[in-house]
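Below you'll find the structure, written out as structure tokens, and then a few comments.
Each value in this text was obtained by applying a stated rule to the coordinates, not by laboratory testing. Because the structure is predicted, anything quoted here is derived from the model rather than measured. Positions of Cβ are generated from backbone atoms using ideal geometry, with glycine treated the same way; all protein chains shown enter the neighbour counts.
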Amino acid sequence: MGRGWGPRPGAAASARQGWVDVELGVLGPLDPEIRSRPLTRMTMAGIARGGHPLFDGRIDARRYAAADHIGISRHGKRLGPIDSALAERGLRRRIAVVVPSHTSAMMLARDTDLVALTLGDWLPDATSALGLRTFPIPLDLAPVDLAMAWHPRNSADPGHRWFRDHLAAAVLAPSATDPGRSGTGDGRAG
């Protein structure tokens, strides 16, 4: 999916410079030399603290939009596909804060009445341990494709390959196979 969840500027440059070993997330188009491995397709879900007033009734688009939200963007981007889907219904959400990661969004949602995004059915133990609950977003949103990407100079490195295999297994768990049997993961973006 491109708009809103798409590539972050500089991802290829960061890999090329060696500042980033593996880019993990919704990658979008990559530079031709960058290697990538698709991991999974997931549906986005809402997440909030267990006692959030949003859970006091049916969560429809209007109630969802009325909640204060946490935006997630390493580059401070405030709007995305959710905002487009809300606008089609004549609704708009208030983004109270933008944080750089899903982890920081979950930590903030745990202690406030702010609503964040997460991947549906991903890390249920962590969600529960933080006192958070997930809910379906009441909008027609396309699923997101998670992938990882790296610079080709690292493709044959055994340590880097081990890291990629274990990272992929962690993302795919519990359905992942033994990372030692998953191959090299040296596919090119296609």
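In 10 Å bins starting at 0, how do the alpha-carbon pair distances of segment 16-92 split up by percent?
Spelled out per bin, shortest first, that is 12, 36, 29, 17, 6, 0.
How high is the FRET efficiency from Q17 to D111, r the C-beta distance, R0 45 Å, rounded to 0.05?
With a Förster radius of 45 Å, E is 0.80.
What is segment 98-179's relative contact order, in percent, from Cα pairs under 8 angstrom and six or more apart in sequence?
Contact order relative to length: 15 percent.
Dividing the Cα convex hull volume of segment 17-58 by residue count, how many Å³ per residue is that?
Numbers: hull volume 6.1 nm³, N = 42.
Roughly 144 Å³ of hull volume per residue.
Rank by packing, highest mean first: peptides 49-62, 139-152, with packing defined as the count of other Cβ atoms within 10 Å averaged across residues.
139-152, 49-62
Considering the Cα trace of segment 66-108, what is its radius of gyration and what is Dmax, both in angstroms?
Looking at segment 66-108, its Cα Rg and Dmax stand at 10.7, 30 Å.
Which value, to two decimals, describes the C-alpha radius of gyration of segment 56-167 once divided by 2.2 N^0.38 Å? Could you put the intermediate results ahead of the total?
On the way: Rg = 16.9 Å, N = 112, 2.2 N^0.38 = 13.2 Å.
Dividing the Cα Rg of segment 56-167 by 2.2 N^0.38 Å gives 1.28.
Between A129 and V97, what is the FRET efficiency for a Förster distance of 22 Å, r being their Cβ-Cβ separation, to the nearest 0.05?
Numbers: r = 23 Å, r/R0 = 1.03.
Efficiency computed from Cβ-Cβ geometry: 0.45.
Using the scaling law 2.2 N^0.38 Å as the reference, what is the normalised Cα Rg of segment 106-160? Show your work: numbers first, answer last.
Numbers: Rg = 16.6 Å, N = 55, 2.2 N^0.38 = 10.1 Å.
The reported ratio for this selection is 1.64.
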